Amino acid sequence: MNLNMNSVETLVAQIHGLSGSISDINQLHSLLKQSEDLFQSESTRLAPLLTELDPFMHSLGYLYILDASTSAPISKEQASELVLSIARFINLCAAEQIRLAPDKFTSVCKRFKDQVMLLEDPMRGVAPMLTAIRKLQLSSEHLTTLHPDFLLLCLLAKCYKTGLSILEDDIFDVDQPRDFFLYCYYGAMICIGQKKFSKALELLHNVVTAPMSILNAIVVEAYKKYILVSLIHVGQFSISFPKYTSSVAQRNLKNFSQPYLELANSYGAGKISELELCVQAHNEKFEFDRNLGLVKQVVLCMYKRNIQRLTQTYLTLSLQDIANTVQLNSAKEAEMHVLQMIQDGEIYATINQKDGMVRFLEDPEQYWEKRIFCVDSTDVALEFCFRIMMLSRKLTDMDEQLSCDPLYLAKAGKERQRFDFDDFDSVPSSKFTI
Amino acid sequence: MASSSSSGLTFKLHPLVIVNISDHYTRIKSQSLPPSTTPHAPSASNVADAESSSPPQQSPRVFGCVIGVQRGRTVEIFNSFELLFDPLTHSLDRAFLEKKQELYKKVFPNFYILGWYSTGSDAQESDMLIHRALMDINESPVFVLLNPSINPAQKDLPVTIFESELHVIDGIPQLIFVRSGYTIETVEAERISIDHVAHLKPSDGGSAATQLAAHLTGIHSAIKMLNSRIRGLNHYLLAMQKGDVPVENSLLRQVSSLLRRLPAIESEKFQDDFLMEYNDTLLISYLAMFTNCSSTMNELVDKFNTAYDRQSRRGGRSAFI
């Protein structure tokens with residue numbers, strides 16, 4: 001035992017010594033990798049060593065020791081202290097050093113999240129996790145394994161705004177497919193909570209159409225929410241999948257979400273009574289999936305959409321007529337609905353309370369909102385142009401890469417007709433191995 | 001024949017003259033192209049053949065007169081007209097010249113015959129005869145020479161102006177040609193029309209895309225040149241500010257007057273129109289990029305589906321990729 005402790009202390013001394021320049025740190029990294037088992041065996045006694053190390057200067061060494069010492073099961077009393085120390089480490093560590101050992105960092109942060117959830121205080125974990133993500137990311141377009149954990153904490157802590165800030169970034173590199181699914185799903189839930197339905201729709205769309213070889217539960221749940229959000233936001237739902245959806249999803253998703261598809265059908269029919277019947281029929285299923293809140297919003301949307309349809313036919317209408325057409329119970333309810341819609345900006349109208357008439361007006365700023373290219377915003381226009389040029393460049397790169405992919409070439413070669421007199425040249429077919 | 005002139009005259013050449021001469025030369029050259037003859041072995045008995053077939057490689061020389069105004073020490077050459085050259089007498093057609101001179105006098109009473117022009121790489125001895133012949137119209141005519149061979153390395157115009165001077169060579173006073181410097185002078189109207197004529201595209205100049213590309217390339221090179229010139233000026237001014245170069249007030253005045261020329265218009269209506277057009281162009285390029293991106297994405301998705309999606313293309317032959 002003592003022998004081991006001595007070697008651990010020599011390691012600590014080496015950590016102190018070798019944390020200077022980049023080459024030293026690489027050397028240290030290989031040393032630490034070799035001494036993995038040493039750390040594992042001494043995991044219980046490593047905690048006091050942490051006080052000797054500085055989390056900023058010796059981040060790599062600190063990380064290894066921290067990882068080893070937290071791998072043992074932690075009791076509830078120690079949890080709070082551990083949470084504090086890990087949070088401190090995350091705030092202080094040096095990003096370049098921890099990027100050398102990303103999986104260790106990820107496992108430490110995951111344990112951090114578990115402890116925080118165990119303490120039932122997710123709020124404490126939100127800010128450190130955000131810092132951790134920013135330090136681990138190679139660029140702002142990189143999706144790490146910590147992203148979905150962070151979003152989960154935001155959801156549980158109900159601080160949606162912080163979660164939204166992460167969702168603003170475009171994603172280009174993904175570490176693990178599972179991260180992507182979870183990230184989009186949680187992100188969509190945060191957006192739904194903030195009533196940003198367009199972004200939620202986009203995220204759910206990404207989950208449903210992501211490439212996959214087998215169906216997973218995340219996609220099934222996401223598809224159910226996708227139907228509901230699409231009904232709320234767009235007002236209709238099309239069952240056909242875009243062509244970039246995986247064939248696995250195309251074939252199997254519908255089987256798992258029957259009640260939702262029926263809901264979508266009855267929504268399309270346009271009658272409130274039918275919709276309510278449908279909701280009643282599948283009430284337990286919706287409740288089991290915890291989508292009842294969304295379903296209620298769907299019903300509310302139905303009323304809104306019907307009233308909006310009225311604006312296109314009538315210039316003025318009495319409240320009673322509105323109630324009758326939209327199948328509301330009374331003129332008072334109709335007035336409540338219209339008032340709410342005017343406040344939310346979904347409709348432009350004035351209510352004359354004396355004779356109970358509603359006058360529908362034109363949107364005064366109809367095209368103003370949609371402007372990006374107007375006379376005083378040339379910089380914005382230029383920025384859009386630059387962004388799309390970057391995107392175009394990335395897409396052509398990806399296209400070229402994919403064209404050189406041997407898997408693609410093999411399959412593309414197979415499809416060509418066999419005896420093409422024009423070119424007997426090098427089309428790889430399945431007969432010849434590359 | 002070389003050496004620079006010492007007469008102290010300043011020559012100003014209008015681009016119209018250059019275009020005229022080059023047009024004349026091109027016309028004559030393209031008209032005189034012999035029909036392509038099949039090469040057969042030259043035989044000794046074909047002396048007559050050899051005589052009749054003119055060597056097609058030699059470029060024909062064209063001749064003409066230049067007219068303009070001489071005010072004091074400045075000779076400004078405005079225009080030119082063509083003349084027929086009689087190879088037998090090695091002289092220009094006199095009667096024709098006088099008739100033309102009369103006609104031009106009626107339209108441009110100020111213009112006098114200042115000299116003559118021809119094409120070639122250098123002035124020759126025989127040209128002196130023509131020069132002397134013109135000396136009775138103008139005591140000291142000028143000879144404008146255009147070199148029709150295209151030399152891509154050459155940056156300047158292939159136009160040289162020669163004067164005649166009396167030099168004593170071997171004890172005999174002789175007239176020889178001496179080169180003179182000249183500047184190009186132009187009026188706004190002339191510049192626009194010459195520009196238009198010089199940039200005529202052939203009628204089958206390709207689709208609208210190639211014409212647009214040619215047009216934009218021209219604009220691009222013009223802006224590039226402007227940029228490099230301004231940068232040179234900027235460097236110079238910075239050096240002057242630092243003190244590396246002695247301060248020259250006249251140059252500074254010229255630069256300042258140049259800078260004050262722009263902006264040419266400054267009004268609100270102009271700003272509005274300008275920004276609107278700018279935004280329209282940006283919008284169009286944005287739309288084009290968008291379409292480009294969408295098409296790349298489409299192809300990418302197709303490729304991805306072919307490569308990675310199992311069971312999607314089993315069996316039937318799909319369309320050619």
Worksheet, complete the sentence: Exception for B:GLU268 within (1) within 12 Å of chain A (Cβ to nearest Cβ); (2) at pLDDT 90 or above; (3) open to solvent by 80 Å² or more (accessible area, probe 1.4 Å) falls at (2)
Item to complete: May I ask you to verify whether A:LEU151 is open to solvent by less than 10 Å² (accessible area, probe 1.4 Å), within 15 Å of the chain's Cα centre (by Cα) and at pLDDT 85 or above?
Response: yes
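Just need a number here: residues in segment A:233-250 that are under 17 Å from A:CYS301 (Cα atoms) and open to solvent by less than 10 Å² (accessible area, probe 1.4 Å). Lay out the reasoning, then the answer.
Going residue by residue through segment A:233-250, those that are under 17 Å from A:CYS301 (Cα atoms) are A:233-237.
Subsequent filtering for residues that are open to solvent by less than 10 Å² (accessible area, probe 1.4 Å) retains none.
Total satisfying the criteria: 0.
Residues that are open to solvent by less than 10 Å² (accessible area, probe 1.4 Å), modelled with pLDDT under 90 and among the β-branched types (Val, Ile, Thr): does segment B:85-92 have at least one?
There is no residue in segment B:85-92 that is open to solvent by less than 10 Å² (accessible area, probe 1.4 Å), modelled with pLDDT under 90 and among the β-branched types (Val, Ile, Thr).
Do the conditions hold for A:LYS285, that is, is it under 17 Å from A:ARG359 (Cα atoms), open to solvent by 20 Å² or more (accessible area, probe 1.4 Å) and within 32 Å of the chain's Cα centre (by Cα)? Let's see the steps before the verdict.
Values: under 17 Å from A:ARG359 (Cα atoms): no; open to solvent by 20 Å² or more (accessible area, probe 1.4 Å): yes; within 32 Å of the chain's Cα centre (by Cα): yes.
Here the answer is no, as A:LYS285 does not meet what is asked.
Can you tell me which residue within segment B:163-184, out of those that are in contact (Cβ under 8 Å) with a residue 60 or more places away in the chain and touching a His at 6+ places or on another chain (Cβ under 9 Å), is most open to solvent (accessible area, probe 1.4 Å)?
Our first condition is that a residue be in contact (Cβ under 8 Å) with a residue 60 or more places away in the chain; within segment B:163-184, this holds for B:163, B:165, B:176-184.
If we keep only those that are touching a His at 6+ places or on another chain (Cβ under 9 Å) as well, we get B:176-178, B:184.
Details: B:ILE176: 32, B:PHE177: 0, B:VAL178: 0, B:ILE184: 78 Å².
Applying the filter and picking the extreme gives B:ILE184.
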Worksheet entry | segment B:131-180, subset part of a loop (DSSP other than H, G, I, E, B) and in contact with a strand residue (DSSP E or B) (Cβ under 7 Å, 6 or more places away or on another chain), residue nearest to B:THR119 (Cα to Cα) | B:PRO148
Worksheet item: Among the residues of segment A:272-282, which ones are part of a helix (DSSP H, G or I) and either farther than 23 Å from A:ASN324 by Cα or open to solvent by 40 Å² or more (accessible area, probe 1.4 Å) (or both)?
Response: A:SER273, A:GLU274, A:GLU276, A:LEU277, A:GLN280, A:ALA281
Worksheet item: Can you pull out the residues in segment B:206-245 that are part of a loop (DSSP other than H, G, I, E, B) and modelled with pLDDT of 85 or more?
Response: B:GLY243
Worksheet item: For segment A:394-434, which residues satisfy the criterion of being touching a Pro at 6+ places or on another chain (Cβ under 6 Å), surrounded by 11 or more Cβ atoms within 10 Å (Cβ to Cβ) and modelled with pLDDT under 80?
Response: A:GLY413
Worksheet item: Applying the selection to segment A:117-144, what residues are under 21 Å from A:ALA94 (Cα atoms) and open to solvent by 30 Å² or more (accessible area, probe 1.4 Å)?
Response: A:ALA127, A:LEU130, A:THR131, A:ARG134, A:LYS135, A:LEU138, A:SER139, A:SER140, A:GLU141
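Right, A:ASP103: within 22 Å of A:HIS29 (Cβ to Cβ) and loosely packed, with under 14 Cβ neighbours inside 10 Å or not?
Working: within 22 Å of A:HIS29 (Cβ to Cβ): yes; loosely packed, with under 14 Cβ neighbours inside 10 Å: yes.
Judged against the criteria, A:ASP103 is a match.
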Worksheet item: Residue check: is B:LEU258 away from every other protein chain (no Cβ under 12 Å), out of contact with any Pro (no Cβ under 6 Å at 6 or more places or on another chain) and modelled with pLDDT of 85 or more?
Response: yes
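The values are calculated or read from the model by the stated rules, or taken from the named source; none is laboratory data. Nothing here was measured: the structure is a model prediction, and the numbers come from that model. FYI the Cβ positions are ideal-geometry reconstructions off the backbone, even for glycines, and counts take in every protein chain you see. With ligands, DNA and RNA removed, areas are computed over all heavy atoms of the protein, side chains included. Shrake-Rupley method; radii C 1.70, N 1.55, O 1.52, S 1.80 Å.
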